[in-house]
Amino acid sequence: MNFTYKKTVEKQRELVSLQSKFSTKSLITILKLGLFCSLFIVAFLTSFGIGTIKGIIDNAPDLKSVNIAPNSYQSKAYNTDGKEIVTLITAGSNRIYAKIDEIPDNLKNAFVDIEDERFYEHNGIDIQGIGRAAVQVFKTKSLSQGASTITQQVIKNNVFAGLWEGNQTYGSLIRRKIQEQYLAVKLEKELKKEEILESYLNTINLGSNTLGVQAAAHRYFNKDVKDLNLAECTVIAAITQNPAYLEPIHHSDENNVRRTTILQYMLKNGHITQEEYDEAINFDYSKNILEEDPNRKSYSEYTYFVDQLISDILNDLQVQKGYTYTQAYQLLYSGGLKIYSTQDSKIQEICDKELSNDANYPATIKYSFNWAFSVKNLKDGTIENYSENSIKYYHRVTLEEQNFKLIFSSKKECRDCVKKYKKYLFPKGIPTDSKDYRVLGETISYTKQPQASFTVIDQSTGYVKAIVGGRGKKSGNMTLNRATQSKRQPGSTFKVVGVYAPAIDEMGYTLKTKMDNSRYSYANGRAVSNWDGHYGGSYSIKQAIAQSMNIIAVRTLTDIGVEKGFDKLKEFGITTLVEDRVLQDGTVLSDKNQALALGGITDGVTNLELTAAYAAIANNGVYNKPVLYTQVVDSSGLIILDNTTPKSHKVIKAGTAAQLTEAMEEVVNGHGTAGNHIHAKDLHVAGKTGTTSSQYDLWFVGFTPYLTAGVWFGYDENSDLGNGTIFYHEDLWSKIMDQVTDEFKYKDKPFEFDLSGDDDVVGIEVCKESGLLPNGDACKETEIKYFPNDDVPTKKCNKHGVQRRSYSSENNFSNSTTDESRNNNNNGNNSNNSNNSNQRNNNSNDE
């Protein structure tokens, strides 16, 4: 072996070289392996990411099935003058749609410049914005910093609405963002930029419970969006970043900072000039900001008319269109409906004013109350609820005070009554926050008594012009409506529609038909009483109507058959009649009895239905179903409910209506029960009074050639009104109709009836004084009167200038105005008088 120095060095070099080569090969191998693994991981992650994203995209909503237009809008109702009377809204529906060409350029540019300045350039996704947002994510550790374009916000507001970001995980947020961006790109291919912007501007939340720029313009500036100036546009555009803290009413400083930024962007992007910028930046918009919502009254406490309007529409949507109640409610309150009501604002205002005027009621005001009291038993968790009905039960059942009524002389007496009942419930004291009980809540409200209701109908159409459901300030929405909900005993108002209408129309009776007024009893042996205490003799149907004679009414109904009267009332639109009702104890109630003649029925009638029945007489005997709206139109302009053409049917012949009208004119002209209390300025008036026994209910329903109106007067809970109140309702009717006549400048004209097709009655011109044929020029005033064909006058007037004689004195017939409600305490039914407890009083009648 050669171990020389040279050989040894060479050998060492060979060994080092071999080691170096081995190390290099190893490093290369490791690097190759690392690169392969990296590529594998990248490929895997890429595949996984693509697969994940594809899965997310595949699960995104189908754009074809997505409607980006907002679907919740406020509904509005209008009166006959086109004036808005109520706004109906629910959560998320306070929106008024504005088309893009109705929105000023300044407002569009303000939103685009501050929210998405590359809106007209990108395809739905803003790459620069995404980069900016990514930086913010790393800084804030929050995904709330989005690069959402306007297109993405449209998707978010309409497709992913309700998914509040604060309640979601990072994973779900990322998933939604990917779907949002994917759909935004697709949407940009489907719609024009202006269409997307239109949806956006009608969708965004702009604070103070407003959605969309039109609603915001109305709320903050009380003007249409197209009328906003530049400064006002930037105020609204500034809100959208944070509606709760940038709305200009309570956060004007914060809003001003934001709107200044918007103006700077608009100037930078060339959308406004320096001059416009300076003017807007210095404009004092605060003086135009409305502190109070101008529409607040429209959607706070509804009027009685609106209460019934809502009820009717909800009912019609269910009955006519097959909606469920929930569907009908959602459509009404968030469907953007336009409701064209029949309300006449002038008539409604007059009615509201007079029914709220305490001068139109007895000087002594009494009170009833509504009470709600809830207590939780902390031992067992049960909750006990008490009301004024609990108090009534306590007095009537526990204390056996059968005549107890919740009517008091003062509010203090009402409160004392509540305290007494609480003491009974909790002898040891009323619980507050004791270890055993906790009071959850208590409310009490007071109602003035006696009460009243009023209804006005256009007899030619059935359109309800005004409704007032009670006296005094309304305490809330959907409260008791005494015009449409309270069922009260009708008294003698039923004589005309339930007795004499079928007798004349079907059984050959005329106004001159004589009837026996001698004492008479029902089939059960109970005596029928005349309210004035006069008996004997015979009187014409005309006299019997004018003086509201009970015995003749009952005799007539008995003669023609109770069934005919019952059926005729149903034809007149009275829906509250009871044909047969079996109680739990087996007792059968029915309104098919002789007491029907005097209005003695089980449940009573509503003011609206009774007034509509009399409107049929005024309308040539044609009944028009009363309606509170003509049309309901949806947000697309489609008519979904239509009452323009009244639902009508013939109830009585025109000749019958003419005869009944003539008799009812006698009621109000000084010869009848209304005396001289009823008038409508100088217009012809016909109508009928009604007073139930013990004067629980006072009615007058009458008509002029133009309108029909009905008034009811009484306590909510049956109570004697007293003799001193018998004309309050008539005076109230006259005050209202006098003002209506003046307001519309109605000219007097006689009642006219179209007798074509009616061969039984003919209209004849007669002397207005004598009722006979005119005697040449001697009769200065003539009028048309209606007579049966076999009873047409043949004699000429020979009494002109002579005072007309009163009705036959041999019958002891009094023409004086007397209290029609005296002394009739008997009829032929043994039920209780109907009020809110739906029981009929055996002594239901007056006259």
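The values are calculated or read from the model by the stated rules, or taken from the named source; none is laboratory data. Remember, it's a predicted structure, so these values are computed and weren't measured experimentally. Note that we place each Cβ from the backbone using ideal geometry, even for glycine, and neighbour counts take in every protein chain shown.
Figures for the structure shown
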read-out	value
Residue pairs meeting the criteria (Cβ under 8 Å; at least 6 apart or on separate chains; first over 20 Å from residue 277 (Cα atoms), in the stretch 242-261; second at pLDDT 85 or above and of a type in the set (A, V, I, L, M, F, W, C))	243/206; 246/238; 246/239; 247/206; 247/239
The stretch 624-669, subset over 25 Å from residue 565 (Cα atoms) and of a type in the set (D, E, K, R), residue surrounded by the most Cβ atoms within 10 Å (Cβ to Cβ)	634
The listed residue being of a type in the set (S, T, N, Q) and closer than 27 Å to residue 726 by Cα, out of 475, 548	548
Evaluation of residue 347 against (1) closer than 30 Å to residue 738 by Cβ; (2) modelled with pLDDT of 95 or more; (3) of a type outside the set (D, E, K, R); (4) within 16 Å of the chain's Cα centre (by Cα) (one fails), failing number	(4)
Qualifying residue in the stretch 197-209 (condition: among the β-branched types (Val, Ile, Thr), under 27 Å from residue 328 (Cβ atoms) and in the same structural domain as residue 152 (by the TED database))	yes
Residue pairs meeting the criteria (Cβ under 8 Å; at least 6 apart or on separate chains; first in the same structural domain as residue 122 (by the TED database) and surrounded by 19 or more Cβ atoms within 10 Å (Cβ to Cβ), in the stretch 178-190; second assigned to a helix (DSSP H, G or I) and among the charged types (D, E, K, R))	180/156
Criterion violated by residue 462 - all others in (1) at negative phi; (2) crowded, with 18+ Cβ neighbours inside 10 Å satisfied	(1)
Subset of the stretch 670-706 [modelled with pLDDT under 90, small (Gly, Ala, Ser) and either surrounded by fewer than 24 Cβ atoms within 10 Å (Cβ to Cβ) or in contact with a strand residue (DSSP E or B) (Cβ under 9 Å, 6 or more places away or on another chain) (or both)]	670, 672, 674, 675, 694
Yes/no for residue 569 being under 23 Å from residue 685 (Cα atoms) and part of a loop (DSSP other than H, G, I, E, B)	no
Of all residues in the stretch 624-652 being part of a strand (DSSP E or B) and free of Cβ contacts under 8 Å to residues at least 60 places away in the same chain, the one that is nearest to the chain's Cα centre (by Cα)	642
Total residues in the stretch 640-691, condition among the basic types (Lys, Arg) and closer than 15 Å to residue 737 by Cα	1
Residues that are among the aliphatic types (A, V, I, L, M) and assigned to a loop (DSSP other than H, G, I, E, B), drawn from the stretch 368-399	378, 399
So residue 485, is it out of contact with any strand residue (DSSP E or B) (no Cβ under 7 Å at 6 or more places or on another chain), of a type in the set (S, T, N, Q) and farther than 30 Å from residue 760 by Cα	yes
Residue 387 being small (Gly, Ala, Ser), surrounded by fewer than 15 Cβ atoms within 10 Å (Cβ to Cβ) and within 31 Å of the chain's Cα centre (by Cα)	yes
Any hit, the stretch 594-601, residues being within 23 Å of residue 504 (Cα to Cα), in contact with a helix residue (DSSP H, G or I) (Cβ under 7 Å, 6 or more places away or on another chain) and modelled with pLDDT under 95	no
Enumeration of residues in the stretch 514-560 that are surrounded by fewer than 20 Cβ atoms within 10 Å (Cβ to Cβ), in a loop (DSSP other than H, G, I, E, B) and not small (Gly, Ala, Ser)	519, 522, 524, 526, 534, 535
Selected residue [assigned to a loop (DSSP other than H, G, I, E, B), surrounded by fewer than 18 Cβ atoms within 10 Å (Cβ to Cβ) and either acidic (Asp, Glu) or not assigned by the TED database to the domain that holds residue 98 (or both)] from 320, 402, 330	402
